[in-house]
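In what follows, a single structure is set out as structure tokens and then discussed.
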Amino acid sequence: MSQRYQVVQPSQVLEFYRDLTEVGGFQLETAGVLKGGRKLWALARTGQSTTLAGGDEVRGYLLLATACDGTLATTAQFTSVRVVCNNTLQIALGRNRGAVKVPHRSEFDPQAVKDELGVTISSWDGFMVRMHELAERKVSHTESERFFQRLFTYSWTRPGAEGSVKVNDRGVKAVLSLFEGNGRGATLQSAAGTAWGLVNSVTEYVDHQQRARNPGNRLNSAWFGAGAALKQKAWDAALELIG
């Protein structure tokens, strides 16, 4: 690493959470490592939650993570966890897209991060309203097929050839199956045939089914990589359905 690289020790991550627990009432539930210890993370429950139709409970969490190899900025982001299936979804915080990030070339200032989180924690209220609206928005079979086709269609360009598009048919088939009753919680009133069900079919696919070398790689993708991007794309597309 260069001389500008600022190290954030695991003890700083956990100390940060201890402060949040004492001041904000958060409860540290679990912590771990990814990529052979190169990435560190901790997950704390904020105490915020809501229950959608049919007893579908969703809880608010704060995820704090950093990397020892510079591949990830020290990141604090609000995340929802759907209890029935343990699906996760990043909670958007306006322009920050759900995260407070401190690059490793900057010193980690716990108080500054807490100040910014304090301003944005009210985003849960807006997120909760959106969840209820999605749970009330019924979708037809045609709409659901179109929704998933859109998410799993990718543009790609082969060297020396014109650009083209490719559909991940396996992915479309998998999420359709989850949506049509095979997903955990798919038959609850909040999810059966609704836009909320569309979102959770994608989150379950990313969190629990998408191909990966190991569970750690799948979790890394779901929180910080291509999986997280796909879940955000699904959320944005679902919001378009409710206007």
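Details
- Each Lys or Arg adds one and each Asp or Glu takes one away; over the other residues whose Cβ falls under 9 Å from the Cβ of Leu239, this sums to -2.
- The slack in the chain from Asn168 to Ser140, taken as 0.36 nm per residue of separation less the alpha-carbon distance, amounts to 7.9 nm.
- Couplings for the range 217-223, taken from phi via the Karplus curve 6.51 cos²θ - 1.76 cosθ + 1.60 with θ = phi - 60°, read 5, 5, 5, 4, 5, 5, 9 Hz in order; Gly and Pro are left as x.
- Dipole axis of the range 138-242 (+1 Lys, Arg; -1 Asp, Glu on Cβ), positive-most option in Ala222, Ser144, Ala191: Ala222
- Close amide H contacts of Leu52 (hydrogens built in the peptide plane, cut-off under 5 Å, sequence separation of 5 or more or a different chain): Glu57, Val58.
- Above-threshold pairs, the threshold being 29 Å between Cα atoms, out of Lys35/Lys138; Lys39/Lys138; Lys138/Lys173: Lys35/Lys138; Lys39/Lys138
- Put simply, the amide H of Phe26, placed in the peptide plane, has neighbours under 5 Å in Thr21, leaving out anything fewer than 5 places away on its chain.
No lab work stands behind these numbers, since they all come straight from the coordinates. Computed from a predicted structure; not experimentally measured. Counting neighbours? That spans all protein chains shown, and the Cβs are built from the backbone with ideal geometry, glycine included.
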